[in-house]
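Okay, structure first, notes after.
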Amino acid sequence: MLRKLFSKILLISVLGACGLQEESRVINDSNSENIDKGQTILLDEIVTSIKDQGLELKEADLPTNNIFMQKLNEISPKTYSLDNSTLSIYVFQTDADREEGLKEFEKSTATVKLEPHKTFAVKNTLVFYVQGEKEVNNKLSSAIQKFN
């Protein structure tokens, strides 16, 4: 009985992670065509763009075991609370470093059931947002996509 229950939970986790992983790839692939390889984005530029959308960021101190706090390609994220949801911003040196960071994230979460989240991969930045209200999602998307 316990074995069957464990098997079902494992199957659901794997299927859920595959769906999330595919969403990340689609976002990443759609942005990669628009990337200007000669430019990088700074953390302050992203924060300003988000605030310009009327969104309030509060610095967050998440537990180190939170999946959105993990180091990716040797970069630790800057984390914020946005409308009571987690926002993690990674700023890498290059686009290629960001691509490696996203691959690390996908590998480390391949068998984990994640909270519904959005992934934004633009130029040298990688942003994860645990989804909140639709209006906030749309404003955040506009703030980040302006760098495309």
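Read-outs: derived from the displayed coordinates by stated rules, not from any lab. Note that the structure is a prediction, hence the values are computed from the model and not measured. Virtual Cβ from ideal backbone geometry, glycine too; neighbours counted across all protein chains shown.
For Thr48 and Lys103, FRET efficiency with R0 = 35 Å and r from the beta-carbon atoms, rounded to 0.05?
Between Lys103 and Thr48 the formula returns 0.75.
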Handout entry: Where GluC sites (Glu not before Pro) fall in DSSP loop in segment 94-148, at most 15 other Cβ within 10 Å
Key = Glu133
Exercise for the section: In nm, give the distance between the simple-model label positions of Asn148 and Glu56, each being 7 Å from the Cα along the Cα-to-Cβ direction. Expected result: 3.0 nm
Exercise for the section: Using DSSP to define loop residues, name the GluC sites (Glu not before Pro) in segment 50-96 whose beta-carbon has at most 11 other beta-carbon atoms within 10 Å. Expected result: Glu56, Glu74
